[in-house]
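To start, the structure under review is shown below, and the notes come after it.
None of the figures in this text is laboratory data; all of them are computed from the coordinates on show. The structure displayed is predicted, hence computed values, not measured ones. Ideal geometry is used to build each Cβ from the backbone, glycine not excepted, and the neighbour counts take in all protein chains shown.
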Amino acid sequence: MKPAGLSFEQAPPFGVPLRFFLTAPWFLVLAAALLGWRGPELFASRWSPVTLALTHLLTLGFMAQVMLGALLQILPVVVGVVVPRPRLTAALIHIPLTLGALALATAFLSGIPVWFQGALGSLGLGFGVALTAINLALWRAPVASGTVIALRCALGALLVTVGLGLSLGGYFGWGWRLPVVTMTHLHAAWGLVGWTALLVAGVAYQVVPMFQITPPYPRWLIRGLAPLMAVSLVVWSAFLLGGRETAAALASVMLAVGLAGFAATTLYLLTQRRRKIGDPTLGYWRISMASLLAGALLWLATLLVPALAQAPQVQLLLGILLILGFAGAVINGMLYKIVPFLAWFHLQAQLFRRAKIPTMKQLLPETRIRRQLWIYLTALLLSLAAAVDPSIFTYPATLALGVTGAWLGVNLLNIWRMYRRALRSSPP
Ligand code: HEM
């Protein structure tokens, strides 16, 4: 199906997004390996260095990797603006991001400043190139649709997240004197609420109605949610930095309500599907949005009952719901939409009428998507259980996370193998 306004002619070469997509799942496996190595210690506190290492294997190695790769793909298609020198740009983002994520995790684990310095250099380069290339494209976009507005807000939030992250890294790498705790709260919120949730929302406005055959999102939500959340983030940050705790709490109510509203609207739209048999990625959207709703409600609860906010277990539950539940699940599901489609699309463009092209279902059978979903859900539930009782659930969670990550990686590699085989076997 070719939705109105999408211009596939401008799509970048397959290798541009693919290098990000084939790397990302192995960071889930690495995260599982770290969990297996350090065990229940990881669930002691969100502030422990091992937990921070794990957090960034997921937020940088898995999430940012796919999100930036997908942006390089969708910007030309959805926004109609080409990213300059796409192969070089992709390499200059992908390599430093991958090395930087590994270096930052090593830095947290070892505590050695030079690892922080290396990580900052690498991540600074990767994100610097990404933000420049993607912003140049986004601000030249001819139409400011709801998706473009949300993507602009998400990119602005990424800039803030990375700026704060690099400064926090400077604290560890060069001993800069900073209000570390407040800045970490800001960094985490701009990363998860601004960058991640607004990007997912911007993409959801397009793909949920298109792939799940639902009615469209309400117009006011499409145009209003992202700017409202961005303004709330700015106001919240200003109050927090100014030491106005009560006002900051009120602003964060806005943020939590915004997230809950988006999740609830999406879950409602998914019940209004016009097709009985669900798309195989429907389950990922449901897990993702249910996690976001649960995370937003838990956040609201911590605002109403301050004792809850201090409990280490509650903070971990919140992190797991937002990172593994909300972001991880929707990214996993989207990969299953994007990669087979792109493989098929590029084969179509290159081999049209010269050779038989595998269908998308041959490239990725639905049963594999559905089975991996169950392991993903198991990994999420076991991780949540491990936050409450690490002694029992840490190792089962490790196993499930490792299996689901590796399975995703193998499924994507298989698509790439079939793509290359089809290209090789075509007559010249
Ligand atoms: C240039 C990239 C980044 C760098 C250098 C970086 C660095 C850091 C540092 C040093 C901390 C720990 C602060 C402390 O212990 O006081 C931290 C925390 C955190 N970072 Fe990043 N970060 C980066 C990108 C991201 C991104 C893109 C996200 C995404 C969503 C993210 C999510 C988080 C979260 C959630 C925490 C808080 C963890 C917790 O409270 O347990 N980071 N980051």
* **the chain: most fluctuating residue of 40, 218, 25 per GNM, C-alpha cutoff 10 Å** => 218
* Asked: Which whole-angstrom value gives the distance between the alpha carbon centres of the stretch 340-355 and the stretch 257-321?
  -> 37
* When Rg is the radius of gyration of the Cα atoms in the chain and Rh is its Kirkwood radius, what does Rg/Rh come to? -> 0.95
* Once the Cα atoms of helix 65-74 and of the chain are each reduced to a long axis, what angle between those two axes, in degrees from 0 to 90 to the nearest 10, is obtained? -> 40
* To do: Could you calculate the FRET efficiency of residue 238 with residue 354 from 1/(1 + (r/R0)^6), where r is the beta carbon distance between them and R0 is 56 Å, rounded to 0.05?
  => 0.40
* With contacts defined as alpha carbon pairs under 8 Å and 6 or more residues apart, what's the relative contact order of the stretch 285-369 in percent? -> 31
* If one computes the Cα centroid of the stretch 101-129 and of the stretch 376-411, what distance in Å separates the two points? -> 26
* Structure fact -> From DSSP H assignment alone, runs of 4+ in the chain each adding -39500 (n - 2.57), the sum over residues rounded to the nearest 500 puts [θ] at 222 nm at -25500 deg cm²/dmol
* Between the stretch 17-74 and the stretch 132-207, how many Å separate their Cα centres? -> 17
* Structure fact -> Projected onto their principal axes, the Cα atoms of the stretch 57-120 stretch, largest extent first, over whole-Å spans of 44, 21, 12
* Taking all pairs of different Cα atoms in the stretch 194-344, averaging 1/r and flipping that mean, what Kirkwood radius in angstroms comes out? -> 16.3
* Asked: Taking the simple approach of a point 7 Å from Cα along Cα-to-Cβ for both residue 48 and residue 374, what is their distance in nm?
  -> 3.2
